[in-house]
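Peer 1: To start, I am sharing the structure in question, which I have written as structure tokens.
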Amino acid sequence: MIVFFRALLLYIVIIFAVRMMGKRQLGDLQPSEVVTTILIGNIAAIPIEDYSVPMAAAVIPILTLSALEVLLSQLALRSRRLRLLMTGRPRTVIRAGTIDQKALREIRFTLDDLMENLRGQGVFDIREVWWCVVETNGKVNVQKRFPSRPLTPKDMQLKGSDTLPPVAVIADGEWQLSAMELYGITPVWVEKILTLKKKKPSEIFLMTVDGDRNVLIVEKERKGRAG
């Protein structure tokens, strides 16, 4: 039982620490964030495995590391030099269709690494690449040569305008008020739409509205219908 409560407490502390550091996917972490994440995981494991270690010996270092990471992030926002010191800078490895072998060596990026990342971008023929940059988190971004680029409305001289993407206003029967406020949508307007459809909010699994006020409604499945 003691193990359960110790693990639960540390779980809550770690979730709080990660939320405090910000929202990033694992593959988007910068080097300092990767180090902090690894240290937090190792520190948290000690009091769970060894009952003699007090919880404070894990909680205090975890919160300290998280606070330090937040502080460094704030300082990095104000100092370009510190950002470069902490995260480095993107490196261009293909320029005007030519592979920069020296840049690859400097960042210890093998040809296999490059080809693997290009395939991840949907590029299987390196001759299609005009420009390629390895970002500070290791991701590769590609600009294709003109003949290989996707066709766009601008290329076809089509007229149109930008619009806001669909947003959920009701999810699993619950109002999504923050999203509605962002789009200037009121519950009264939504209820009018539902009244026309002869539906109640509690009967809706998903309702989305886009910037042009196009509506999608997905009803909840009735019990016993599934399967």
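The values are calculated or read from the model by the stated rules, or taken from the named source; none is laboratory data. As the structure is a computational prediction, the values presented were derived from the model and not from experiment. Counting neighbours? That spans all protein chains shown, and the Cβs are built from the backbone with ideal geometry, glycine included. Surface accessibility is based on the protein's heavy atoms, side chains included, excluding ligands, DNA and RNA. Shrake-Rupley method; radii C 1.70, N 1.55, O 1.52, S 1.80 Å.
Peer 1: Quick one: pull the percent of accessible area on the chain belonging to carbon and sulfur, 1.4 Å probe, ligands and nucleic acids left out.
Peer 2: On the chain, the fraction of accessible area on carbon and sulfur atoms equals 59 percent.
Peer 1: Out of all DSSP beta bridges in the range 64-189, what portion is antiparallel? Express it as a percent rounded to 5.
Peer 2: Beta bridges within the range 64-189, antiparallel portion: roughly 100 percent.
Peer 1: Any idea which of Met156, Ile99, Ser202 is furthest toward the positive side of the dipole for the chain, if Lys and Arg beta-carbons carry +1 and Asp and Glu beta-carbons -1?
Peer 2: Selected residue: Met156.
Peer 1: Compute the Rg/Rh shape ratio of the range 130-203: radius of gyration over Kirkwood radius, all on alpha-carbon atoms.
Peer 2: 1.24
Peer 1: Please find the FRET efficiency linking Gln74 to Arg222, where r is the Cβ-Cβ separation and R0 is fixed at 35 Å, and quote it to the nearest 0.05.
Peer 2: Taking R0 as 35 Å, the efficiency between Gln74 and Arg222 is 0.10.
Peer 1: Here is a further query. Can you tell me how much longer the chain between Leu182 and Leu196 gets when fully stretched, taken as 0.36 nm per residue apart minus their C-alpha distance, in nm with one decimal?
Peer 2: 2.6 nm
Peer 1: Any idea what % of Cα-Cα pairs in the range 1-116 are farther than 25 Å?
Peer 2: Considering the range 1-116, 43 percent of its Cα-Cα pairs are separated by more than 25 Å.
Peer 1: Right, something else. Between Arg95 and Gln143, with labels modelled 7 Å along Cα→Cβ, what's the label distance in nm to one decimal, could you check?
Peer 2: So the two model labels end up 1.3 nm from each other.
Peer 1: Kindly point out which whole DSSP H helices in the chain project their C-alpha atoms 18 angstrom or further along the helix axis while averaging a Kyte-Doolittle hydropathy of -1.0 or above.
Peer 2: 2-21, 31-49, 56-78
Peer 1: Using the scaling law 2.2 N^0.38 Å as the reference, what is the normalised Cα Rg of the range 173-226?
Peer 2: Against the compact-globule rule of thumb, the ratio is 1.17.
Peer 1: Before I look further, what does the range 183-222 give for accessible area per residue, probe 1.4 Å, in whole square angstrom?
Peer 2: I get 70 Å² per residue for the range 183-222.
Peer 1: For the chain, take the convex hull of the Cα atoms, compute a quarter of its surface area, and give me that in nm², please.
Peer 2: Here the figure is 21.8 nm², rounded to one decimal.
Peer 1: Could I ask something else about it? Going by amide H atoms built from the backbone, whose H comes under 5 Å of the H on Ile204, apart from near neighbours?
Peer 2: Gly173, Lys220
Peer 1: Follow-up question, since we're still on this one. Given contacts defined as C-alpha pairs under 8 Å and at least six residues apart, what's the relative contact order of the chain, whole-number percent?
Peer 2: This gives 13 percent for the chain.
Peer 1: Another one. Taking a cut-off of 28 Å between Cα atoms, list the lysines near Lys102, but don't count ones fewer than 8 places away on the same chain.
Peer 2: Lys139, Lys144
Peer 1: Something else: Between Glu174 and Leu158, what is the label-point separation in nm under the 7 Å Cα-to-beta-carbon projection?
Peer 2: 3.7
Peer 1: Mark the label point 7 Å from the Cα of Met20 along Cα→Cβ and return the residues of the range 36-61 whose backbone N is within less than 11 Å of it.
Peer 2: Counting only backbone N, you get 59-61.
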